[in-house]
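Reviewing the structure listed below.
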Amino acid sequence: MKNTNEIEKQLKRKADAYIEKKANEIYAIHQEISDFVGTSTNFIDYITHFNSYDSAAPENKSNHTAY
């Protein structure tokens, strides 16, 4: 029979694995959005005016984002 410490350790490992999985999913979503928008992933980028951003040339899109 397992004692309380073993059960607690198993639950902690399971919780840690779940948290790591969810963090990786969130990062992948952030990466996908950054790739789509064409901005860096070092900061959270905010589009200041979407119509200007949308019509800008790819090399000028960063002019329409704020950090």
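Values quoted throughout were computed directly from the atomic coordinates according to the rules given, and no laboratory measurement underlies them. Bear in mind that the values here come from a model prediction, so they are computed numbers and not experimental data. Here the Cβ positions follow ideal geometry from the backbone for every residue, glycine too, while neighbour counts run over all protein chains shown.
Observations
- Coupling constants for segment 23-35 follow from the phi torsions by the Karplus curve (6.51 cos²θ - 1.76 cosθ + 1.60, θ = phi - 60°), and in residue order they are 4, 5, 5, 5, 5, 5, 5, 4, 4, 4, 5, 4, 5 Hz; glycine and proline get x.
- Two-site label geometry, N60 and D35: point separation in nm, points 7 Å out along Cα→Cβ: 2.7
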